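Colleague: Take a look at the following structure, please.
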Amino acid sequence: MHRDLELARVGRRYGIRGPWVLRGVDLTITPGSLTRVEGANGTGKSTLLRLVAGIDAPTEGRITGRPRTAYVPERFPSALPFTPSGYLTHLGTVHGLSRRSAAAGAATWLERFGAAAYAATPMAQLSKGTSQKVAVAQALLAEPELLVLDEAWTGLDAEARAELERAVAERTAAGGAVVFVDHDPRRLAGVPDAIHQVVDGTLRPRTEQAASPVGPLTAVTVRGPAGGRLPADATRTAASAEEPAPGTYRLTVPASHSDVVLRALLTAHPPWHVVSVSPPDVPPDEKDRP
């Protein structure tokens, strides 16, 4: 993503005399940013995400700086005349990939989300959870500059939910932007660069960050080269960083972004030595949720 996506005084209503769903919305999405959108049911969150994704056009106002975008809706039309592998390969070629690259990407993403066993199953026969995995895979396949997720975690199992969080971290680390809505306040808690609330048909930035929930955290202890400075991706993502001994740091990072932080440390020049990684403390109800 090379420039900002900007919504200026955007409004949306359905029908010439229909009520305004949204009005006077100002929003800037910057490269590499993660933006959470909150609001009660029926306030217009999905309408906002469809405007951001370019699926709907504003009734008034303007949207500029359109990046290459992928969108995952809460409900994915699974009754399509494809298998998951065939559907993803077809979409990959539509996005400009060669058929071989598209097929390889399809296999990779189905494997990552635990759906490889259903690659050749007609999509009409898939469960809601497996269909949602295909929906997420199709959005990530072409490495979009902007990823828009509307309750995309709904229906996914615990492993797939965690994998989607890792994919979000990878997109933002690569310079892409992600905008998401999710009913779970702990989803990517402590990570978003901005949180906005849809209230009374408009968008308001949320500023009371101290009350935000805290998601699972991973502790990473690393030792650096003499006089070395922690990589920018590591310091930007870490919730805290302590230096218990000269050149040794203990980072506390959101579990969803631990892979990105470790990659930044190990690929630095010179690389940092990872002393230990403590697994995240996941709340019991998070483990058990379907």
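The values are calculated or read from the model by the stated rules, or taken from the named source; none is laboratory data. For clarity, every value in this text was computed on a predicted model and none was experimentally measured. Note that we place each Cβ from the backbone using ideal geometry, even for glycine, and neighbour counts take in every protein chain shown.
Colleague: Pairs only if they're at least six apart or on different chains, beta carbon under 7 angstrom, first in the range 112-132 and under 16 Å from Glu74 (Cα atoms), second assigned to a helix (DSSP H, G or I) and modelled with pLDDT under 95; list them, first residue then second.
Modeller: Taking only residues 6 or more apart or on different chains, the pairs are Ser131/Met123.
Colleague: Taking Arg187 as meeting all but one of (1) farther than 14 Å from Pro144 by Cα; (2) surrounded by fewer than 22 Cβ atoms within 10 Å (Cβ to Cβ), write down the number of the exception.
Modeller: The one condition Arg187 does not meet is (2).
Colleague: Please work out which residue is nearest to Ser256 (Cα to Cα), limiting yourself to the range 163-183 and to residues that are of a type in the set (Asp, Glu) and either in a helix (DSSP H, G or I) or modelled with pLDDT under 90 (or both).
Modeller: Glu165
Colleague: Take the residues in the range 192-202 that are assigned to a loop (DSSP other than H, G, I, E, B) and surrounded by fewer than 20 Cβ atoms within 10 Å (Cβ to Cβ); name whichever of them is nearest to the chain's Cα centre (by Cα).
Modeller: Residue satisfying both the conditions and the ranking: Asp193.
Colleague: To continue, here is another question. Looking at the range 11-31 only, could you name the residues that are in contact with a Gly (Cβ under 8 Å, 6 or more places away or on another chain), part of a strand (DSSP E or B), buried (at least 17 other Cβ atoms within 10 Å of the Cβ) and not charged (D, E, K, R)?
Modeller: Gly11, Val21, Leu22, Val25
Colleague: Which one of these is among the basic types (Lys, Arg) and within 30 Å of Arg100 (Cβ to Cβ): Arg186, Arg236, Arg171?
Modeller: Answer to the check: Arg171.
Colleague: When you go through (1) hydrophobic (A, V, I, L, M, F, W, C); (2) over 13 Å from the mean Cα position of the chain (by Cα); (3) surrounded by fewer than 19 Cβ atoms within 10 Å (Cβ to Cβ); (4) more than 19 Å from Lys128 (Cα to Cα) one by one for Ala158, which number turns out not to apply?
Modeller: (4)
Colleague: Moving on to the next point. List pairs: first residue in the range 27-49 and free of Cβ contacts under 8 Å to residues at least 60 places away in the same chain, second residue of a type in the set (Lys, Arg) anywhere in the structure, Cβ distance under 6 angstrom, at least six positions apart or on different chains.
Modeller: Final answer for the pair search is Thr47/Arg12.
Colleague: If I filter the range 152-162 for residues that are touching a residue at least 60 places away in the same chain (Cβ under 8 Å) and either closer than 25 Å to Val94 by Cα or of a type in the set (Phe, Trp, Tyr) (or both), do I get at least one hit?
Modeller: yes
Colleague: Here is a further query. Look through Gly224, Gly247, Gly228 and report the one residue that is without any contact (Cβ under 8 Å) to a residue 60 or more places away in the chain and at positive phi.
Modeller: Step by step, each of Gly224, Gly247, Gly228 is checked, and only Gly247 is without any contact (Cβ under 8 Å) to a residue 60 or more places away in the chain and at positive phi.
Colleague: Now, a different point. For the range 246-271, which residues satisfy the criterion of being part of a helix (DSSP H, G or I) and among the charged types (D, E, K, R)?
Modeller: Listed by number, the residues that qualify are Asp259, Arg263.
Colleague: Quick one: in the range 41-65, of everything that is assigned to a loop (DSSP other than H, G, I, E, B) and not small (Gly, Ala, Ser), which residue is nearest to Gly129 (Cα to Cα)?
Modeller: If we take residues in the range 41-65 being assigned to a loop (DSSP other than H, G, I, E, B) and not small (Gly, Ala, Ser), then Asn41 is nearest to Gly129 (Cα to Cα).
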